[in-house]
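J.: Structure incoming, see below.
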Amino acid sequence: MSVNVTVLTDGNGVQREYREVNRKANVGELVKIVSCRMLHGLPIGSITVLDKDGVADGWFLEGSDGSDRDYVVLEPTGIVIIDGVRYREERRKAAVGERVLIVNPIATNGIYDKGDVLTIERYGLIGLPIADVGKTVLKEEYVVLTPIDEPKAETSTPAVYNVTVNVTVNGTVEDVVRTVGDAVKVEISKIAFTPPKPKSAQELRDEIVERAKADVEKLSRTHKSSVGGGASFWPRECAAIGFEPIHYVEFVVNREKRTVVALIKSLQTHKVHYRGAAKCAPGDVFNSHIGRAIALRRALELPVPDEYLNAPQPTEVRVGDVVETYLSSGGHHATFKVTGFYNGDKKKLTGFAGHSGYTSFSPEFGDKVIDDSREEVSA
């Protein structure tokens, strides 16, 4: 038997399925208008709440004997829709990798809130699940989201090739078929198996910078020392009761010396307990985001990925970059931050202090990018 369903945003801020039931509504229940037999002024399809017996928004929606109802009751189900996928809510212990919906946040310090969807990453030493925000989640706070719909396989249109082959065959019909088939396969292989275009040095550097940003953001929220007494950034509530030392990190960026220092401090005393440093190699372009990732990992005594230490150098000039270029008007090299490009020409830079118009950017004459961090203020 099919049941009509209405999807509404519930009190948790997520899309929930409501079952449409043809019965008398209780005061306070949601109803959906389906007819106008009682000559009320509510449009069909509108949602309202029954505020007293048989009446909503001042309109009678049913006869005095409960008959001739102009509505159906909307009963909430345990099915929610998140990112286009239907999930069934289940009150049970979540497994690692499962998604959970926060329905009753207790004490989160603003890390997550009611209606947030989290993924359980692991279980801690005392058996409590830890979500991807680096925070312990209590069983009273969540329901497990079990997917109902299987992911639909992506369908693609078969490739169509226009192939012309010229062959001369002396032999049987089978010889002709085999020779033509082999020739067609050769031609298709030339078309279908073109090697992918390799990423440019600039694209590789952009990806490394984004990974460094994400690395710092995650480590500074969720890292916990694997040995007692080491640097830990969670769980922060332990710092308040003195259960174990909890830390936070501050970065000191010195663009003149091209260095970044990570200072890991006690959340209770603000004293520096650990430090790590990164220094840009001579000839390399300084990037504070990569420097932060290197310095933080060194302070935490974690391995530093080789890609941070050997990132490709930028090949493009972008707004926000710091460049060193020759000023023909002054006859000397100057350093300035790029604020734009004159008439869209990336060899004509604007933004240099003390000058009007633009200056040409010519790598062949020694002009170069020296800092592509593109951030306004150093921590």
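J.: Between residue 248 and residue 304, what length in nm is gained on full extension when 0.36 nm per residue of separation is reduced by their alpha carbon distance?
T.: 18.2 nm
J.: Would you mind telling me the share, in percent, of accessible area of region 5-152 contributed by carbon and sulfur at probe 1.4 angstrom?
T.: For region 5-152, the apolar C and S fraction of the accessible surface comes to 53 percent.
J.: Please list, in order along region 30-47, the HN-Hα scalar couplings obtained from phi with the Karplus expression 6.51 cos²θ - 1.76 cosθ + 1.60 (θ = phi - 60°), rounded to whole Hz, x for Gly and Pro.
T.: Coupling constants for region 30-47: 6, 10, 10, 6, 10, 7, 10, 5, 8, 6, 8, x, 9, x, 4, x, 6, 10 Hz.
J.: Using all C-alpha to C-alpha distances in region 4-149, build P(r) with 10 Å bins and read off the rounded percent in each one.
T.: 11, 33, 22, 18, 11, 3, 0
J.: Would you mind checking 224/271; 93/135; 24/52; 199/279; 218/265; 114/218 for any pair whose Cα atoms are more than 20 angstrom apart?
T.: Over 20 Å apart, Cα to Cα: 199/279; 114/218.
J.: Would you kindly state how much longer the chain becomes between residue 188 and residue 44 on full extension, computed as 0.36 nm times their sequence separation minus their alpha carbon distance, in nm to one decimal?
T.: Length gained, residue 188 through residue 44: 46.0 nm.
J.: Residue 199: net charge of surrounding residues, Cβ under 11 Å, Lys/Arg +1, Asp/Glu -1, itself excluded?
T.: Charge balance in the 11 Å sphere: -1.
J.: Next question. Which FRET efficiency value, to the nearest 0.05, do you get for residue 318 and residue 77 by plugging their Cβ-Cβ distance into 1/(1 + (r/R0)^6) with R0 = 45 Å?
T.: 0.35
J.: Ignoring everything but the protein chains, give the 1.4 Å probe accessible area of residue 85 in square angstrom, nearest 10.
T.: That residue has around 50 Å² of solvent-accessible surface.
J.: Can I ask one more? I need the calculated FRET efficiency for the pair residue 255 and residue 162, taking r as the beta carbon distance and R₀ as 45 Å, to the nearest 0.05.
T.: Efficiency computed from Cβ-Cβ geometry: 0.20.
J.: Find out how many positive minus negative residues lie around residue 286, taking Lys and Arg as positive, Asp and Glu as negative, among other residues whose Cβ is under 15 Å from that of residue 286.
T.: +3
J.: Under 15 Å from the Cα of residue 368, which aspartates and glutamates turn up, not counting those fewer than eight places away in the same chain?
T.: 284, 316, 321, 324
J.: As an exercise, identify the chymotrypsin sites (Phe, Trp or Tyr not before Pro) in region 273-347 lying in DSSP coil whose Cβ has no more than 13 other Cβ atoms within 10 Å.
T.: Here no chymotrypsin sites (Phe, Trp or Tyr not before Pro) fit, given the DSSP loop and packing criteria.
The values are calculated or read from the model by the stated rules, or taken from the named source; none is laboratory data. These numbers come from a predicted model, not from an experiment. Positions of Cβ are generated from backbone atoms using ideal geometry, with glycine treated the same way; all protein chains shown enter the neighbour counts. Side chains included, ligands, DNA and RNA excluded: accessible areas come from the protein's heavy atoms. Shrake-Rupley method; radii C 1.70, N 1.55, O 1.52, S 1.80 Å.
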